[in-house]
Every structure is written in structure tokens, then in C-alpha cells.
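The values are calculated or read from the model by the stated rules, or taken from the named source; none is laboratory data. What you see is a predicted model; the values in this text were computed from it and never measured. Heads up, the Cβs are rebuilt from the backbone with ideal geometry, glycines too, and the neighbour counts pull from every protein chain shown. All accessible areas refer to the heavy atoms of the entire protein, side chains included, with ligands and DNA or RNA removed. Shrake-Rupley method; radii C 1.70, N 1.55, O 1.52, S 1.80 Å.
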Amino acid sequence: MFLALIVLGPGLWDAIRGEPWIDDRLTVVQNSTGAVVVEDITRSKGPAHGLRVNTIETADGRVICSAEHHNTWVGERKRFWQLDLFARCPAPPDMFRACSTFSITSDSGRQRYYGPFCSGLTKPE
């Protein structure tokens, strides 16, 4: 069983114990109208609810702006955020990344912290 946990990772261990678990993939892109948006794919094993903090950061990790969002996550969800809704600011003129951290609680009351999950550095045209 120990070998299975090593191979299959912490997500399986959390599922066995009833812990909330979440994963997030962020990509900064421009849509067909030229607006800068964040493609956000979240995955959770079982229902989890809590606080998500989104940030826009410079290449050296300085936070330019941030926003908190309370939500519930179940399964996989793909969403496109406008930057002003994601982190409450327009696209910076220099290289930046979009990041998210989560403080989630499962239905059983267990709390976990995940992240930061960040996009690659980008500077949309």
C-alpha cells in the first residue's frame, strides 16, 4: 500500500482519508477580441468549498494586485476570467504571471491549503 501511495501521489492519499484536494492550471491568453484573459482549469476530488486568492505577480514575485473569491468546487471546471475579475487590475505593461492559492474545506470539515498555482510568465501583445 505504501508503494501505491508513492506512485499514485498525495491526491489518492487525501481521497482515502477524506481530505479535500484541489488542483489548478492557469494560462494567460488573449481572446479573439484582443482582451487578456486567464484560462483557469480547476479539478477537485469530491466537493470542496472555501477561499481562493488570485494574484497578478511580476517576474520577481511582487504582487501587483489580488482578489479573494469564495466558491465551491466539484470535479473539473474550465473558466475564462477577465483580468479585472480575476485579480482586480488591468494587464500590466511588463512580464507577469497569474497565480491562485486555495484554503478549502471538505464536507467532513477538514481544511487544507493548496498553491500557489501559477501561469508561466507572459506579456501579451
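Annotations for the structure displayed:
- Per this entry, Cys89 is counted among residues that are touching a helix residue (DSSP H, G or I) at 6+ places or on another chain (Cβ under 7 Å) and either open to solvent by less than 50 Å² (accessible area, probe 1.4 Å) or of a type in the set (Val, Ile, Thr) (or both).
- Pick from the range 92-125, criterion basic (Lys, Arg) and assigned to a strand (DSSP E or B), ranking: least open to solvent (accessible area, probe 1.4 Å): Arg97
- Residues being touching a Ser or Thr at 6+ places or on another chain (Cβ under 8 Å) and assigned to a loop (DSSP other than H, G, I, E, B) - total across the range 32-86: 0
- Filter pass, Val7 being of a type outside the set (Gly, Ala, Ser) and at pLDDT 85 or above: no
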